[in-house]
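Below: one structure, written as structure tokens.
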Amino acid sequence: MQIAHYLAHFFVPHHSNNHRAKLLHPLVLTFIALFLVLGQLGLGLFGKATQGKVLGYAANISPSEVVRLTNIKRAEAGVEPLRVNPALSIGAKAKGEYMLEHDFWAHVAPDGTQPWKFFGDVGYKYRYAGENLARDFSNPQSAVEAWMASPTHKENLLSPKYSEIGIGVVEGDLSGVDTTLVVQFFGTQMTDTIPVTPVAAAEEKPVEQENVLTLSQAQIGQKVLISPFNTTKGLSLVIVGILLGVLVLDVIVISRRRITRVSSRSVAHIAFLVMLILIIVIVRAGQII
């Protein structure tokens, strides 16, 4: 009986809680918000401090599917498809393994190692070269869509300057978190001929090697630490779902008992929580640089 009374006090409008579920009182809501924030920070710090593995995101992403989706996007834009170059694929995978080995996620390593080193390591002599990076996506579609949503990554992906592609997908521990890295190398070899826009003879310039990175100088050497995405997302959904249920119950009970409140915004709060749930569901794990 005492348990039932306690649950009613916590979840149902009653005279003992001033006709508003205790769960909806400002102090309790503040505690819940602090719990979520501190819990998320704590999970990330625990993984970093203990050097242990915190389950992050591991996915089975097929390099060939990334290539297929990339060429679909290029076809839609009226650009020639890219050919898979095995050497580029080896170089891309080597870049991913290098990031895991040296515990960083960036185009340029903290020790100054450039992406173009991995092109040279496999003997790929390029006229044009570019790189896109992605991590923690559950499938190839979401990674490619994320690249397409970023102007700089989209420029790489759809550039007519490139004729070849190589994809490296590696899984491992990055800063204490299980992760999946996708490295997308673009290139055109020095011996390749690609269509170019005619220019006046007076403007003709010697061919130069060009490197394209999709990041600003401020991002060089940036190290990204993430907390376990699925844990935070699931916990947030549970808590917001409980709050939504209590609010709906609050509206029903208050209406049936014809209790008048000086200030009641339950309907507005319900709408807000519904929007919050939609945002939590829609948001995806995954980052690109």
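Worth pointing out:
- Residue order, fewest to most surrounding Cβ atoms within 10 angstrom, among Thr191, Thr152, Thr180: Thr191, Thr152, Thr180
- Cβ crowding within 10 Å ranks Trp105, Trp116 as Trp116, Trp105, fewest other Cβ atoms first.
- Ranked packing of 129-141, 26-38, 79-91, 163-175, most packed first, by mean Cβ within 10 Å: 129-141, 163-175, 79-91, 26-38
FYI, it's all coordinate maths here, none of it is from the lab. Small disclaimer: the values here were computed from a predicted structure and weren't measured. Positions of Cβ are generated from backbone atoms using ideal geometry, with glycine treated the same way; all protein chains shown enter the neighbour counts.
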